[in-house]
1. For the subset of segment 113-154 comprising residues that are in a strand (DSSP E or B) and in contact (Cβ under 8 Å) with a residue 40 or more places away in the chain, which member is surrounded by the most Cβ atoms within 10 Å (Cβ to Cβ)?
2. Which is modelled with pLDDT under 95, assigned by TED's automatic domain parsing to the domain that holds residue 150 and assigned to a strand (DSSP E or B), of 105, 90, 110?
3. Scan segment 72-117 residue by residue and report those that are over 30 Å from residue 34 (Cβ atoms), of a type in the set (D, E, K, R) and in contact with a strand residue (DSSP E or B) (Cβ under 9 Å, 6 or more places away or on another chain).
4. Please list, ordered by first then second residue, the pairs with beta carbon atoms under 6 Å, 6 or more apart or interchain, first in segment 41-66 and in the same structural domain as residue 92 (by TED's automatic domain parsing) and part of a loop (DSSP other than H, G, I, E, B), second surrounded by fewer than 18 Cβ atoms within 10 Å (Cβ to Cβ) and among the charged types (D, E, K, R).
Amino acid sequence: MIWTIKRLIYFFFIAFFTYLMTSCGVYSFKGGSIGQAKTVNVKLFTNEAVNRNPLLAQNLTDKLRNKLIRETSLRLSNDSSDLVYEGTITAYVTSPVAISNDAATKTRLTVTARIRFRNKLDKEKNFEESMSSFDDFDASKTLQEVENQLIESINDRMVLQIFNKSINDW
């Protein structure tokens with residue numbers, strides 16, 4: 001008898017949770033809201049930072065394209081697309097962040113990009129703003145030793161920021 005009641009409560013909990021997640025329209029497991037948009041153009045980001053990594057702009061562009069294709073129903077297009085992303089990397093800097101006994105123990109790599117997003121179907125969603133992401137590494141290592149790993153994690157976070165601002169409207 002107790003087992004049956006527990007199963008019944010479990011069933012109602014799952015049913016209610018499923019109803020809540022699908023009917024309210026607040027959350028989607030697929031990604032954000034693209035409205036009526038069908039196509040997207042992610043233009044190759046440019047790198048105008050004084051210090052620069054030659055692969056950074058291409059890597060950031062590719063990661064954003066892949067996320068949009070994977071998590072939305074948008075189709076990549078170079079023509080007059082419904083959504084357009086453009087970006088310029090404006091800063092690529094290292095700075096000490098943790099100091100002990102007058103020496104840095106951690107160094108931070110920070111990447112800043114100016115992002116322009118245009119939604120031709122809903123102009124109120126358009127924006128242009130700077131976004132930054134960083135990662136720390138052990139100061140006993142050189143930037144060249146850890147740069148590829150840092151760029152991966154920094155670009156992952158930057159893409160998430162861009163996606164959340166443009167698609168999830170956060």
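1. 113
2. Selected residue: 105, the only one of 105, 90, 110 that is modelled with pLDDT under 95, assigned by TED's automatic domain parsing to the domain that holds residue 150 and assigned to a strand (DSSP E or B).
3. Scanning segment 72-117 gives 106, 108.
4. Note: pairs meeting the criteria are 43/86.
The values are calculated or read from the model by the stated rules, or taken from the named source; none is laboratory data. All values derive from a computational prediction rather than experimental measurement. Neighbour counts are summed over all protein chains in view; Cβ atoms, including those assigned to glycine, are modelled from backbone coordinates with ideal geometry.
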